[in-house]
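Visitor: What follows is a single structure, and I will ask about it in a moment.
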Amino acid sequence: GAVVSQHPSWVICKSGTSVKIECRSLDFQATTMFWYRQFPKQSLMLMATSNEGSKATYEQGVEKDKFLINHASLTLSTLTVTSAHPEDSSFYICSAQTTSGTVGELFFGEGSRLTVL
Amino acid sequence: AQSVAQPEDQVNVAEGNPLTVKCTYSVSGNPYLFWYVQYPNRGLQFLLKYITGDNLVKGSYGFEAEFNKSQTSFHLKKPSALVSDSALYFCAVRDPVDQTGANNLFFGTGTRLTVIP
């Protein structure tokens, strides 16, 4: 089946630094990837939709200058948390859809846990 | 607008007993419905989906779900629970009337299933 890989799985950083999280589709091309944020014991909150070769579409309330998304190729999207603060600590998950047209089925990465000290 | 409700935060069931995880939805058209499972510190794994056709959908690991249009429900079921089924389960919906082009899913808040040995 389709595999989506996220890296890193865990990251700890100091407040004020920037952190980049990668999301790769390993065995398929993904024109669209989604980035979610998940707080403890809560559901996934969609942050943005990332389309290859174009600007990401951010959900209301998500700061695009803080959460920079780049989808430079059909197999890679990156999320950069800029000037991270402790309140940015969370579990970030990406998903991707295949271009083969399977309706609605998304493939999820393993998630990246960010802890900002 | 589309939405998903999972009325139970927690479901406990004895090993070997049947399990049900409830989900109701609201969409403007005929829904696309999904169940995903999440293990600790992991991404989501696809279990099953309903797009059209037979109301009873069978998925991975022996799970099944029944689409009930009159009750706007899509409850997840399994005839005999295993301890290894203990995880967080998410119901998700996509409204096919949504023509934004993004294959986005809206997730419920999740139900934590605990199977007791």
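Throughout, read-outs are computed from the coordinates displayed, never taken from laboratory work. Keep in mind the model is a prediction, meaning the values are calculated, not measured. Every residue, glycine as well, gets a Cβ built from its backbone with ideal geometry; the counts of neighbours run over all protein chains shown.
Visitor: For the range A:1-62, what is the charge dipole size about the Cα centre, in debye to the nearest 20, if Lys and Arg each add +1 at the Cβ and Asp and Glu each add -1 at the Cβ? Each step should come with its number before you reach the end.
Guide: Working: 6 positive and 4 negative charges, 56 e Å.
Dipole size: approximately 280 debye.
Visitor: Could you compute the net charge surrounding residue B:34? Neighbours are other residues with a C-beta less than 12 Å from the C-beta of residue B:34; K and R count +1, D and E count -1.
Guide: Numbers: positive: B:49, B:94; negative: A:105.
Counting the neighbours of residue B:34, the net charge comes to +1.
Visitor: Please identify every one of the trypsin sites (Lys or Arg not before Pro) in the range B:32-99 that sits in a loop by DSSP and has no more than 12 other beta carbons within 10 Å of its own beta carbon. Provide the component values of the computation, followed by the final result.
Guide: Details: sites: B:42, B:49, B:58, B:69, B:77, B:94; in loops: B:42, B:69.
Sparse-neighbourhood loop trypsin sites (Lys or Arg not before Pro): B:69.
Visitor: If the rule is a partner Cβ under 4.7 Å, which cysteines in chain A fail it?
Guide: A:13
Visitor: Order by neighbour count: A:18, A:43, fewest other Cβ atoms within 10 Å first, most last. Please list the in-between numbers first.
Guide: Details: A:18 12, A:43 19.
With the fewest neighbours first, A:18, A:43 line up as A:18, A:43.
Visitor: Count charges around residue B:66 for me, please; just the other residues with Cβ under 14 Å from its Cβ, Lys/Arg as +1, Asp/Glu as -1. Intermediate results must be reported in sequence, preceding the final value.
Guide: Working: positive: B:22, B:49, B:58, B:69, B:77, B:78; negative: B:54, B:64.
Net charge around residue B:66: +4.
Visitor: So who's got an amide H within less than 5 Å of the one on residue A:74, skipping anything under 5 residues away but keeping other chains? H placed 1.01 Å off N, in plane.
Guide: Residues meeting the criterion, in which the H sits 1.01 Å from N, do not exist here.
Visitor: May I pose another question? Starting from the exponent 0.38 and prefactor 2.2 Å, build the expected Rg for the range A:1-41 from its residue count and divide its actual Cα Rg by it. If you can, show how the numbers build up before the last one.
Guide: On the way: Rg = 13.0 Å, N = 41, 2.2 N^0.38 = 9.0 Å.
Normalised Rg, Cα atoms only: 1.44.
Visitor: Let me ask something additional. At 20 °C and 1.002 mPa s, grab the translational diffusion coefficient of the range A:36-117 from Stokes-Einstein with a Kirkwood Rh over Cα pairs, rounded to a whole number in µm² per second.
Guide: Values: Rh = 13.6 Å.
Answer, rounded: 157 µm²/s.
Visitor: Computed over the Cα atoms of the protein assembly as shown, what is the convex hull's projected area averaged over all directions, in nm²? Can you show the working numbers first?
Guide: Details: hull surface 50.6 nm².
Mean projected area for the protein assembly as shown: 12.7 nm², to one decimal.
Visitor: Please list, in order along the range A:77-85, the HN-Hα scalar couplings obtained from phi with the Karplus expression 6.51 cos²θ - 1.76 cosθ + 1.60 (θ = phi - 60°), rounded to whole Hz, x for Gly and Pro.
Guide: Using θ = phi - 60°, the values come out as 10, 10, 10, 10, 8, 8, 6, 5, 10 Hz.
Visitor: What trypsin sites (Lys or Arg not before Pro) does the range A:22-117 have in DSSP loop regions with at most 15 other beta carbons within 10 Å? Could you put the intermediate results ahead of the total?
Guide: Working: sites: A:24, A:37, A:41, A:55, A:64, A:66, A:113; in loops: A:41, A:55, A:64, A:66.
Of the trypsin sites (Lys or Arg not before Pro), the ones in loops of the range A:22-117 whose Cβ has at most 15 other Cβ atoms within 10 Å are A:41, A:55, A:64, A:66.
Visitor: Tell me, what is a quarter of the convex hull surface for the C-alpha atoms of chain B, in nm² with one decimal?
Guide: Numbers: hull surface 28.6 nm².
Dividing the Cα hull surface by four gives the mean projection, 7.2 nm².
Visitor: A further question follows. Can you put B:116, A:69, B:51 in order, fewest other beta carbons within 10 Å first?
Guide: Values: B:116 11, A:69 24, B:51 17.
Lowest count first: B:116, B:51, A:69.
Visitor: Determine the dipole magnitude for the protein assembly as shown: charges of +1 sit on the beta-carbon of Lys and Arg, -1 on that of Asp and Glu, nothing else is charged, the reference point is the Cα centre, and the result goes in debye to the nearest 20. Don't skip to the end; give the middle numbers.
Guide: Numbers: 18 positive and 19 negative charges, 42 e Å.
Magnitude of the dipole: close to 200 debye.
Visitor: Looking at the range A:15-92, which GluC sites (Glu not before Pro) are DSSP coil and have at most 12 other C-beta atoms within 10 Å of their C-beta? List each step's numbers first, then the result.
Guide: Working: sites: A:22, A:52, A:59, A:63, A:87; in loops: A:52, A:59, A:63.
Here the GluC sites (Glu not before Pro) that fit, given the DSSP loop and packing criteria, are A:63.
Visitor: Also, quick follow-up: With +1 on the Cβ of every Lys and Arg and -1 on the Cβ of every Asp and Glu, and nothing else charged, how large is the dipole of chain B about its Cα centre, in debye rounded to the nearest 20? Mind showing how you got there, number by number?
Guide: On the way: 9 positive and 9 negative charges, 19 e Å.
Magnitude of the dipole: close to 100 debye.
Visitor: In whole angstrom, how far apart do the alpha carbon centroids of the range B:1-48 and the range A:15-55 sit?
Guide: Here the answer is 22 Å between Cα centres.
Visitor: Counting Lys and Arg as +1 and Asp and Glu as -1, what is the net charge of the other residues whose Cβ lies under 12 Å from the Cβ of residue B:55?
Guide: Details: positive: B:58, B:69; negative: B:54, B:64, B:66.
Taking every Cβ under 12 Å from that of residue B:55, the sum is -1.
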